[in-house]
Amino acid sequence: MFAQALWASLPHRHREITRSVWDEQYASGAWDYLHSVREAARYGLIVGYCRNLSSCPAVLDVGCGDGLLQRLLFPYYSNYLGIDLSEVAIVHARASAADAASTSFAQADGREYVPPGTFDLIIFNECLYYFPQPVELVRRYQRYLRDTGAIIVSNVISRRSHLARTQLAAAYRQLDRVTLTSDEGVSWELRVLRRPPEP
């Protein structure tokens, strides 16, 4: 028991996942479980936050996968842009998009992508812990957040996400924080953040 607690407390070593691996995983259906009822509460909370924070927001979804969140949010946004490293995921997202007029997807590396405008909401849904410097990534994107905007973050509670969760808590003003636990014992932490005050 002590050994397990010690192991859980050790920092996670970041391991890069290549685009080809993401493409293989999406092509094989490895991420299809995200559409199951076991993920519904987490997605429902993200959608609820979005609708509460802005009546018709411009949304940037970093690490959007196959576009599930877009389909759940539609039609409660003025503009939605989803980006993901996986071309396979983006092809599927475009094919199943709920609305082409106000929706777009881009295959891009989140560490380098430059959004074409500003947004009311920027969402990092189960993606931050795949980046070597998660808080630096959020800071990079906060430049594209409107003054009254908010950042919504979902992280599974695990050793892998520990760095992202603790650094975000220290770096950002928090509007809300919720922990969800599934019947299978998987827990997630969801946070709504405001940009820190200017120095």
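The values are calculated or read from the model by the stated rules, or taken from the named source; none is laboratory data. Note that the structure is a prediction, hence the values are computed from the model and not measured. Note that we place each Cβ from the backbone using ideal geometry, even for glycine, and neighbour counts take in every protein chain shown.
The table that follows gives values for the structure above.
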{"item": "Residues of region 112-139 that turn out to be surrounded by fewer than 16 Cβ atoms within 10 Å (Cβ to Cβ), in contact (Cβ under 8 Å) with a residue 24 or more places away in the chain and out of contact with any Lys or Arg (no Cβ under 8 Å at 6 or more places or on another chain), as a count", "result": "4"}
{"item": "Residues within region 94-112 that are more than 15 Å from the chain's Cα centre (by Cα) and part of a loop (DSSP other than H, G, I, E, B), tallied", "result": "8"}
{"item": "Failed item, numbered, when Val135 is tested on (1) modelled with pLDDT of 95 or more; (2) part of a helix (DSSP H, G or I); (3) not aromatic (Phe, Trp, Tyr)", "result": "(1)"}
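To keep it simple, each residue is scored yes or no on (1) part of a loop (DSSP other than H, G, I, E, B); (2) farther than 25 Å from Asp176 by Cα; (3) in contact (Cβ under 8 Å) with a residue 12 or more places away in the chain; (4) of a type in the set (Ser, Thr, Tyr).
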site: Val47; (1), (2), (3), (4): no, no, yes, no
site: Asn52; (1), (2), (3), (4): no, no, no, no
site: Asp61; (1), (2), (3), (4): no, no, yes, no
site: Leu81; (1), (2), (3), (4): no, no, yes, no
site: His92; (1), (2), (3), (4): no, yes, yes, no
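Listed here are the residues, each with its yes/no results for (1) buried (at least 24 other Cβ atoms within 10 Å of the Cβ); (2) within 21 Å of Tyr144 (Cβ to Cβ); (3) among the acidic types (Asp, Glu).
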{"position": "Ser54", "(1), (2), (3)": "no, yes, no"}
{"position": "Leu68", "(1), (2), (3)": "no, no, no"}
{"position": "Tyr76", "(1), (2), (3)": "no, yes, no"}
{"position": "Asn79", "(1), (2), (3)": "no, yes, no"}
{"position": "Asp84", "(1), (2), (3)": "yes, yes, yes"}
{"position": "Ile90", "(1), (2), (3)": "no, yes, no"}
{"position": "Ala95", "(1), (2), (3)": "no, no, no"}
